[in-house]
Amino acid sequence: MRTYSGRTAVVTGAGSGIGRAVALHLTQLGAQVAVSDISKEAALETASACGKSARGFELDVADRQAVFAHAEEVVAEFGSVDLVLNNAGVALHGPVSELGIDDMQWLMDINYWGVVHGTQAFLPHLTASHGQLANVSSVFGLVAVPKQAAYNAAKFAVRGFTEALRQELKVAGTPVAVSTIHPGGIRTAIARSARVSAGEDPAATAALFDQKLAHTTPEKAARIIMKGLAKEKPRILVGPDAYVLAALPRLLGIGYEKVVARGSAALDV
């Protein structure tokens, strides 16, 4: 079992939602935390809530040079890094035929490339500390859902990237534990801040997510994530819906698509 007292953790997208909740939980476990967010104000607010053991940073994970500079800054300030949680993410809703390429690029730059940047920037430091890497995918990195093609693409990519990395490190004998995190519906602001295609109603999409799909609080999600990380679980499912959806492909094979499509139609997604 890993413990986090006296350790240094890095959490991206920590201005709200899961990232903020995990940062707060880590400080309760005795860790010092570098919290970052694209909103400097949100990052500083989370750091303030965490207390003296945390520092807030403004960071755009889509900016590769900025992420590598952030890694050096964190190590210079804290001395080492023991845990990195690549959590920052955004959402995009709409049918493929109506998705704009700029919006799709925006999502991939953050949800996928942000994870790649964070992984590559911090991996040497985690190797030195025999540390831990956790990349946030989604339950939508396990099953595909109508009108979530861009989000699915990024989260499936995060899953594949992280699972391949874990195998590489194991074969090489590199002492870094690697986990992929698959949250289900979490009560965060991601749906309210999502982009949608021209034919979609953003308010209706956000309301559907908040009222019918977001079953787990960020605080409960943080507890599940940290419990899984302490046990070095390679895959961490967050929320009861995550367990249900993860089981569908195993039980039904490609037939899971019919079940998901019917469910989406019933919800008028």
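Values in this text are rule-based calculations from the coordinates and carry no lab data. Everything quoted here is computed from the prediction, not taken from an experiment. In this analysis, Cβ positions are derived from the backbone assuming ideal geometry, glycine residues included, and neighbour counts consider all displayed protein chains.
Some notes on this structure:
- Ranked list, fewest to most other Cβ atoms within 10 Å of each Cβ, for Val84, Val244, Val75: Val244, Val75, Val84
- Gain upon complete extension [Gln105, Thr217; 0.36 nm per residue less C-alpha separation]: 37.4 nm
- Length added when fully stretched, Lys40-Phe68, from 0.36 nm per residue minus Cα-Cα: 8.3 nm
- The chain, helix-only ellipticity at 222 nm - DSSP H runs n ≥ 4, -39,500 (n - 2.57), divided by all residues, nearest 500: -16000 deg cm²/dmol
- Packing rank of 8-16, 48-56, where each peptide gets the mean count of other beta carbons within 10 Å, highest leading: 8-16, 48-56
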